[in-house]
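K.L.:
The structure is given below, and queries will be raised subsequently.
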Amino acid sequence: MSIQEYYARQACKEINIYNPEIQIDHINGKTIVNGKVYGIILPKTLIKYCRNLWNKRVQDFYFKGNIAKNREWIRSYSNVYESNRGRNKDLKYTLDQDYFTNLSRTKFGLSPIGECPWSYRFFETIACGAIPILGDNDNDIFAKDYIFFHHSDKKNYNKDDVMSNFNTLLHNVTL
């Protein structure tokens, strides 16, 4: 089961939909639940968990993940940690408390796209109260509804932008 399907199943359980028929179009970020097409779906419990971590922003930038060739630009920032945790089948469906705690203590989450034209990290960054930063050549298909910056942009952390992103996230990615 993909993480996309896992999150969709968790979100369905939260609203008492058991044994849903779920189809995944991962490349295009589509989740089909009982015939209805959605984008990426996140469980409200995950978003609530992240929101409860919001605290003082003690660092400007944060990234933890795989640093593929198209992500080399992130190495110019502080608080960048290479990890293959998300690709580890034994850890894939467990909560990475260290990742979410650190992301919730930063102003900007480095959110490069990977093999798809979108990234979970973009949504996780918003859930944690940080503003996403994309690579200059990244065109995340979900970014149009959110406030974000590209790598070469001047960056401004604004709490109103954070709340706008968070409210949009709740509307766009939950059932």
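K.L.:
Against the condition under 30 Å from K13 (Cβ atoms), in contact with a strand residue (DSSP E or B) (Cβ under 6 Å, 6 or more places away or on another chain), free of Cβ contacts under 8 Å to residues at least 12 places away in the same chain and surrounded by 13 or more Cβ atoms within 10 Å (Cβ to Cβ), how does I41 come out, does it pass?
P.N.:
Judged against the criteria, I41 is not a match.
K.L.:
Is the range 93-106 home to any residue that is outside any strand (DSSP E or B), closer than 18 Å to I27 by Cβ, assigned by TED's automatic domain parsing to the domain that holds K154 and at pLDDT below 95?
P.N.:
Taking every residue of the range 93-106 in turn, none turns out to be outside any strand (DSSP E or B), closer than 18 Å to I27 by Cβ, assigned by TED's automatic domain parsing to the domain that holds K154 and at pLDDT below 95.
K.L.:
Let me ask something else about it. Quick one: in the range 89-123, of everything that is under 15 Å from F142 (Cα atoms) and in contact with a Pro (Cβ under 9 Å, 6 or more places away or on another chain), which residue is surrounded by the fewest Cβ atoms within 10 Å (Cβ to Cβ)?
P.N.:
Only one residue fits best here, namely R121.
K.L.:
When only residues in the range 35-47 that are of a type outside the set (V, I, T) and either within 18 Å of the chain's Cα centre (by Cα) or part of a loop (DSSP other than H, G, I, E, B) (or both) count, which is farthest from N139 (Cα to Cα)?
P.N.:
Checked the range 35-47; the qualifying residue farthest from N139 (Cα to Cα) is G35.
K.L.:
In addition: Among the residues of the range 52-90, write down those that are within 18 Å of R105 (Cβ to Cβ), in contact with a helix residue (DSSP H, G or I) (Cβ under 7 Å, 6 or more places away or on another chain) and not basic (K, R).
P.N.:
Of everything in the range 52-90, those that are within 18 Å of R105 (Cβ to Cβ), in contact with a helix residue (DSSP H, G or I) (Cβ under 7 Å, 6 or more places away or on another chain) and not basic (K, R) turn out to be L53, Y62, F63, G65, V80.
K.L.:
Has the range 48-56 got any residue that is surrounded by 13 or more Cβ atoms within 10 Å (Cβ to Cβ) and part of a strand (DSSP E or B)?
P.N.:
no
K.L.:
Here is a follow-up. Please go through the range 150-164 and give me each residue that is part of a loop (DSSP other than H, G, I, E, B) and either touching a His at 6+ places or on another chain (Cβ under 6 Å) or farther than 17 Å from D136 by Cβ (or both), ordered by number.
P.N.:
Residues satisfying the conditions are N156, Y157, N158.
K.L.:
Here's something else I'd like to know. Here are the criteria: (1) touching a residue at least 60 places away in the same chain (Cβ under 8 Å); (2) assigned to a loop (DSSP other than H, G, I, E, B). Tell me which single one D140 does not satisfy.
P.N.:
Every listed condition holds for D140 apart from (1).
K.L.:
A further question on this structure: Given the conditions (1) of a type outside the set (A, V, I, L, M, F, W, C); (2) surrounded by 24 or more Cβ atoms within 10 Å (Cβ to Cβ); (3) out of contact with any Lys or Arg (no Cβ under 8 Å at 6 or more places or on another chain), which single one is not true for N137?
P.N.:
The single condition N137 does not satisfy is (2).
K.L.:
Just checking, does the range 11-34 include any residue being touching a Cys at 6+ places or on another chain (Cβ under 9 Å), assigned by TED's automatic domain parsing to the domain that holds L134, in a loop (DSSP other than H, G, I, E, B) and modelled with pLDDT of 95 or more?
P.N.:
no
The values are calculated or read from the model by the stated rules, or taken from the named source; none is laboratory data. Note that the structure is predicted; figures quoted are calculated from it, not measured. Don't worry about glycine lacking a Cβ; one is built from the backbone with ideal geometry, like all the others, and counts go over all protein chains shown.
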